[in-house]
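These notes concern the structure reproduced below.
The values are calculated or read from the model by the stated rules, or taken from the named source; none is laboratory data. Computed from a predicted structure; not experimentally measured. Here the Cβ positions follow ideal geometry from the backbone for every residue, glycine too, while neighbour counts run over all protein chains shown.
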Amino acid sequence: MRREPPQRFPDYGPLMFPAAMLVVFFVIPFATMIAVSFFERQQGGFYEPAFVFDNYGRFLSLFFGKVLAFSLFLAMAVAAACVTIGVPFTYLLSRSSRGTQIRWLVVLLSILSLSEVMIGFAWSTLLSRTAGITNLFAMLGLMDAQALTPSFGAVMTAMTYQALPYTVLVLYPALVRLDPTLTEAARTLGASPVRAFFTVIVPALRNTILATLIMVFIFALGSYLLPQLLGRPQHWTLSVLITDQAIYQSNMPFAAAMAVFLVLVSLSLVGLAVYAGRQKEAA
Amino acid sequence: MSGLILSNVTKQFGTFKAVKDVSLSVPDGTFVCLLGPSGCGKTTLMRMIAGLDLPTTGSVALGGEDITQIPTHKRNLGMVFQSLALFPHLTVGENIAYALRIRGIDKAEQKKRVDELLAMIHLPGFADRSVGKLSGGQRQRVAIARALAISPKLFLLDEPLSALDAKLREAMQVELRQLQQRLGITTIVVTHDQREAMTMADTVVVMNGGEIRQAAAPVDIYRRPADSFVADFIGSTNLIPFQADDRGQASIFGSTIEGFSLVGAKAGTISVRPEDVQIVTEDASSVTGTVAFIRDLGGTVETFIEAGGQQIIAVASPRARPDVTIGQTVGLRFDPETSVVLAR
Amino acid sequence: MILLRRLFFFAVGLFLALPLIVVAGVSINEKQTLAFPPQGFSLAWYGEIFLNDDWRNALFASLTLAALSAALALLVALPLAWFLWRRIAPWANIFQLLGIAPFTLPPVITALGLLTFWATSGFYGQPWTAVISHAIFFVTLPLVTLSLGFSAIDRSLVEAAATMGADDQTIFRTVVLPLILPYMVSGYAFAFVLSLNEYIVAYMTVGFTMETLPIKIFNALRYGYTPTMASVTVLFLVIAALVFGLIARFGDLPKLLGAMGEDR
């Protein structure tokens, strides 16, 4: 088999179906959404073609500014928590036996795939008054049973729960490939295992860690149900607001404008993550 | 007692015994090579000396102190890894200074020591370079300097030169030996390259199957191999079976060869180096064979002779080229002085 | 050090397990309460999933959607991954990028894009639109596993087949396909499990006409909790663990994940 550029028309055959699917059902919807973000809203949930910036203008209100700031802050806090737990965990996991690794990977994948609805339900149960963890403390006589939701802590904890498996799976390949003799070398040079982790592993992986931080940030930015199920309205994120505008307020143009904005934020961060990833090879 | 002493060290991975009951004494200031084929346990033995693996049984002592249970980072040793394991996020200077930084030595002192070491490895002014931009030989030297930064009592190198090309490797072998002699540091090198071991070591430790087969000076290893594995692994040799006859003389392929001291052995193997095989005209005191192939390599001439169902190789210089042709029947003479009897 | 590791693993394990333990406990309550520790023991709430029409319909809707959309995702990913491997066509990498984008961006964006698209084209609410929507949303998974599978094929195998007289199609059928079959299976399985659990894309495209299980749970949450939600959660967790356990048993899970992270 010579691997060469496609020459004749039939060579392009296999590409037809995937290309058509992706263009029709991803590129066109995406473009539609961008177009709608400039449309004018009509009464009763309709909208008509136009080219106005009103929808973007609405961001500039204090309310949306606050929601945006909170979304970014929440995603950042979740990303920081996940990376803080995830880096040492994944490092230790990558140094474990193959059997241990596989068992953990199955567990992590199962939780990662678990529906956000179910995670929200599970945590609201765990933090509830009737079935919650406080009953355990109450049994021990430490405190009375009480509900821990809705609260910021509940949103933050559940989102960390949801994003942690993702964090570990993003970090896993880089940590598995990390030369194990680096730590050994540090130890022969006099560094204790913990010291070796902080002076060699973490700095050697700084770009990977940065890229992971950004990936988890974007992942957390997409969280939609947990803030609704476990938080108060002031804990709602941009994702919640977009859905709210699209479905309940029937204001598609405004929802689309917010989504476009979210894309821009995400894409610039992905770009940054890719850039950080490239730096890794240069170092 | 000073120096490094291994006593009855065994390492077991599951049911596999990587190192079996190894005892070895390395006096201060000597250069030892652990030599053997891959999987012989030499790297595992070195990792136990470094504390990177714990022995299943046995003990390791350094300078009279039992260090078996001391963690690696408290052993004050220097080690060069096969992968070199240079820290990719640090510069050359920071790599070399790492052990000093860990020990809290002040910056000025660190810098002075780094400059000294860079001068020693002939890379002055390289402190601020990135390790990614060095050549193979330069990386090698940096790894050596890093391991020597704290002037360790013990210097360990695991296949340190295997990534280098042949020419550079030979040069580095000489350099490493000279460096060790100048510093007088106890040094242990793991290698599978017998030339490397012969070039550098005071003592070569030949290992196979997790055991030490022989530990001796290079020339003794070559001249007086302890068993057929060592004889065959170090250089090339002809391993020729013999039986003792009634008078206690060696009988090889039906011919009696006088002069071998068999020390009462009934049968065994005689190791004869190819350069010690003499091709003569057939007579009663020689072994009869047929010339099968002649290989002229320019610098040496190798003659392959079929005798007693096995192939025997004789090597000579072109000036002493034997006057034989393929298919000719010849006599082979083995000199008891230069041959080694390996009793079974 | 070993102790430290055990402790850390235990803490993370506990954090991950705690909500699930409570949910499992709640699911075996005898009465319709969310008590924990459970009061009484009953598997009735597991039976409820299959006996109650609403829950059963939602389960079948979810399973059908997952099975079909994962198959469609595979059909899109396979020729694309094969083409990228077979030909030198750097410009075609744009489609690879398009395949990975939906999964990398916040899901609400893909969801909203598809919502506007189906609304504009007049098909909004049709059940089949959910299949296409999920296929596009999850095409990343088979695409990444298949790209990995193709890159693992030694090209000289293909060349050897060619010297023995096999043409392109025969090579694909007799050499390439058997070699990437495990990657097809795992790509399908990943897409299947994630589709089963997906909420927002399904909700935005067919949420008002069809109830998948996640949608059903969310809707039910508004009217109060029932232990059936817990039993469904446990059921889905078991399905996921079973699927990934099988992949681990018959495939090389660390390798599969080792390369997946690269493309993200």
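Points worth noting:
- Restricting attention to the stretch C:63-89 and to residues that are of a type in the set (Gly, Ala, Ser) and crowded, with 21+ Cβ neighbours inside 10 Å, the residue that is nearest to the other protein chains (Cβ to nearest Cβ) turns out to be C:77.
- Out of B:123, B:86, sole residue that is within 13 Å of chain A (Cβ to nearest Cβ), within 23 Å of residue B:160 (Cα to Cα) and assigned to a loop (DSSP other than H, G, I, E, B): B:86
Conditions (1) modelled with pLDDT of 90 or more; (2) surrounded by 15 or more Cβ atoms within 10 Å (Cβ to Cβ); (3) outside the structural domain of residue B:224 (by TED's automatic domain parsing); (4) out of contact with any helix residue (DSSP H, G or I) (no Cβ under 9 Å at 6 or more places or on another chain), marked per residue:
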residue: B:255; (1), (2), (3), (4): no, yes, yes, yes
residue: B:258; (1), (2), (3), (4): no, no, yes, yes
residue: B:285; (1), (2), (3), (4): no, no, yes, yes
residue: B:290; (1), (2), (3), (4): yes, no, yes, yes
residue: B:302; (1), (2), (3), (4): yes, yes, yes, no
residue: B:305; (1), (2), (3), (4): yes, yes, yes, yes
residue: B:313; (1), (2), (3), (4): yes, yes, yes, no
residue: B:320; (1), (2), (3), (4): no, no, yes, yes
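- Some residue of the stretch C:199-206 being at the interface with chain A (Cβ under 8 Å from one of its Cβ atoms), touching an Asp or Glu at 6+ places or on another chain (Cβ under 9 Å) and within 30 Å of residue A:29 (Cα to Cα): yes
- From the list A:232, A:187, A:206, the one residue that fits, being modelled with pLDDT of 90 or more and either within 17 Å of residue B:95 (Cβ to Cβ) or within 24 Å of the chain's Cα centre (by Cα) (or both), is A:187.
- Any hit, the stretch C:198-214, residues being buried (at least 24 other Cβ atoms within 10 Å of the Cβ), without any contact (Cβ under 8 Å) to a residue 24 or more places away in the chain and not polar (S, T, N, Q): no
- When B:340, B:263 are screened for being under 28 Å from residue B:220 (Cα atoms), under 34 Å from the mean Cα position of the chain (by Cα), exposed (fewer than 12 other Cβ atoms within 10 Å of the Cβ) and of a type in the set (A, V, I, L, M), only B:263 passes.
- Filtering the stretch B:1-48 to residues that are hydrophobic (A, V, I, L, M, F, W, C) and within 20 Å of residue B:173 (Cβ to Cβ) leaves B:26, B:31, B:32, B:33, B:34, B:35, B:46.
- Members of the stretch B:1-50 found to be out of contact with any His (no Cβ under 8 Å at 6 or more places or on another chain) and part of a loop (DSSP other than H, G, I, E, B), listed by number: B:1, B:2, B:3, B:14, B:15, B:27, B:28, B:29, B:30, B:39, B:40, B:41
- Among the candidates C:62, C:69, residue that is under 20 Å from residue C:193 (Cβ atoms), in contact with a His (Cβ under 6 Å, 6 or more places away or on another chain) and not acidic (Asp, Glu): C:69
- Test: residue C:92 is modelled with pLDDT under 85 and within 10 Å of another protein chain (Cβ to nearest Cβ): yes
- Some residue of the stretch C:220-240 being in a helix (DSSP H, G or I), more than 18 Å from the chain's Cα centre (by Cα) and surrounded by fewer than 20 Cβ atoms within 10 Å (Cβ to Cβ): yes
- Of the helices (runs of 4 or more DSSP H) that lie entirely inside the stretch A:127-213, those containing 2 or more residues that are closer than 26 Å to residue A:74 by Cα span A:133-139, A:152-177.
- Close pairs (8 angstrom Cβ cut-off, 6 or more residues apart or separate chains): more than 7 Å from chain A (Cβ to nearest Cβ) in the stretch C:105-120, surrounded by fewer than 24 Cβ atoms within 10 Å (Cβ to Cβ) and of a type in the set (Phe, Trp, Tyr) anywhere: C:110/A:26; C:118/C:124
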